[in-house]
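The values are calculated or read from the model by the stated rules, or taken from the named source; none is laboratory data. Values in this document were obtained by computation on a predicted structure and should not be read as measured data. So basically every Cβ, Gly included, is an ideal-geometry build from the backbone, and we count neighbours across all protein chains shown.
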Amino acid sequence: MGTPAVRMGWMLQLDAWRRSLPPAALSPVNQRAADPFDRLFVQEYAKVVAIAYRVLADRTAAEDVAQEVFLKFHRSFSPDSERASGWLHAAAVHSALNVLRGERRRARRESAHALDPVQTSIANPEKVIEEAEGRREVRRALRKLAPRTAALLMLRHSGLSYAEVATALGIKVGNVGTLLRRAEDALRKEVNRATSE
């Protein structure tokens, strides 16, 4: 159902769950937060949730992943580390992909999100079903990709810059574009293979 462009289109939308407060509104909170971990949490939480949300398409599950990521970070690393944000972003995508790969949760999520309740009242039902199926096909294809390839796609399409993606994955900024094109090609081939079967 649907064209590969429609199936890939949802990844390119950058209107997914975003920080609702502008950075200026958070600066007084950052100044009051004496603890470095508190400052890091305030600065990065929304982005970590957004990354997880792009993978899972479930806000509650994305927030659970963010909590888990911050707990792991707090137990193992210093919040003053220059790689803190990169580690958090990479951990968010990897943790979310692990959740996505879980059989029971995947089945529950697919049935729960077969139709987007916001769009069903205003959109053509056939189009809504087609888009939901396209999202499921992309998620199935992501599960079949190498973890690093899937992480690269999800980090970039969650709105991170090339520099942020490079930091999160420990690669050179100059290599991100090439690796991203290869990852997009691999995803496209996997989606096309799934639809031709």
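Quick notes on this one:
Each row is one residue, and each column tells you yes or no for (1) farther than 23 Å from V49 by Cα; (2) in contact (Cβ under 8 Å) with a residue 24 or more places away in the chain; (3) hydroxyl-bearing (S, T, Y); (4) in contact with a Phe, Trp or Tyr (Cβ under 9 Å, 6 or more places away or on another chain).
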| site | (1), (2), (3), (4) |
| --- | --- |
| R148 | no, no, no, no |
| L155 | no, yes, no, no |
| T178 | yes, no, yes, no |
| K189 | yes, no, no, no |
| A194 | yes, yes, no, no |
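For every residue, the table says whether it meets (1) surrounded by fewer than 16 Cβ atoms within 10 Å (Cβ to Cβ); (2) modelled with pLDDT under 75; (3) not hydrophobic (A, V, I, L, M, F, W, C).
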site	(1), (2), (3)
E63	no, no, yes
A66	no, no, no
K72	yes, no, yes
S81	yes, no, yes
A96	no, no, no
E103	yes, yes, yes
A112	yes, yes, no
E137	no, no, yes
P147	yes, no, yes
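- Checking each residue in region 141-167 for being farther than 20 Å from L100 by Cα and in a helix (DSSP H, G or I) picks out Y162, A163, E164, V165, A166, T167.
- Top-ranked residue in region 173-197 [being acidic (D, E) and modelled with pLDDT under 90; ranked as farthest from the chain's Cα centre (by Cα)]: E197
- Pick from region 44-61, criterion among the hydroxyl-bearing types (S, T, Y) and closer than 18 Å to L160 by Cα, ranking: surrounded by the fewest Cβ atoms within 10 Å (Cβ to Cβ): Y45
- G159 falls short on exactly one of the conditions (1) at pLDDT 80 or above; (2) more than 27 Å from V42 (Cα to Cα); (3) surrounded by fewer than 20 Cβ atoms within 10 Å (Cβ to Cβ), and that condition is (2).
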